[in-house]
Each structure stands twice: as C-alpha cells, then as structure tokens.
Amino acid sequence: MVKLDEIKELWNNKKPFAADLKPEEALNVLDTLEETIKKNRDKLEQLNIAKKLLNLPEIELEIIYHVVEDSTILR
C-alpha cells in the first residue's frame, strides 16, 4: 500500500501539465494515477473502519480526496 505522502508526491510529479504532451498520453497518465490512488484510498478507508471498531485513531484521508478531485477536474 502506498503511503499518503507518496500518493501526494506521485500526483504532484506525474500530473500531465506539459504543453508538449499529447492528449492520449495525458489521459493514460491520468488513468494510471487515478487507478493507483483510488485503490489505495479504498484500502485506507477499510483500514479506518477497522481502526474505528478498535477505538484507534483514524488516518486522515483529506489529501487523497483532494488528489482525486484534482484529477477529475483535469478531465
């Protein structure tokens, strides 16, 4: 599972903003990033459910939600 900081770094380093990037390439990058981020978001949400049941502090997922929102806006 990717750590939250790694997801943020992955998004910041890989998001397609290059002017010379072809639309198909940009969409492929977005698809790959979204898939990776969403898989990890789902795993972290499941982990939070378990933590809540065990009365443990939950993981803050706001970073992931912002990254997913940004990737959706770029489409």
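Any read-out appearing in this document is the output of simple, stated calculations on the displayed coordinates, not a laboratory observation. All values derive from a computational prediction rather than experimental measurement. So basically every Cβ, Gly included, is an ideal-geometry build from the backbone, and we count neighbours across all protein chains shown.
For this structure, a couple of remarks:
- Going from the residue with the fewest nearby Cβ atoms within 10 Å to the one with the most, Lys39, Lys15 rank Lys39, Lys15.
- The alpha-carbon of Lys39 sits under 24 angstrom from the alpha-carbons of these lysines, leaving out residues fewer than 8 places away in its chain: Lys3, Lys8, Lys14, Lys15, Lys51, Lys52.
- Note on Leu27 and Glu45: the model spin-label points, each 7 Å out from Cα along the C-beta direction, lie 2.6 nm apart.
- Order of Glu34, Glu69 under a 10 Å beta carbon neighbour criterion, fewest first: Glu69, Glu34
- Pairwise FRET efficiency - Leu56 versus Lys14, Cβ, R0 = 35 Å, nearest 0.05: 0.65
- Rg then Dmax, both in Å and based on the Cα atoms of the chain: 14.2, 50.
- Based on DSSP H segments of at least four residues, each scored -39500 (n - 2.57), the chain has a per-residue ellipticity at 222 nm of -25000 deg cm²/dmol.
- As a rough guide to protection, the peptides 45-58, 20-33 ranked by mean Cβ packing within 10 Å, highest first, stand as 20-33, 45-58.
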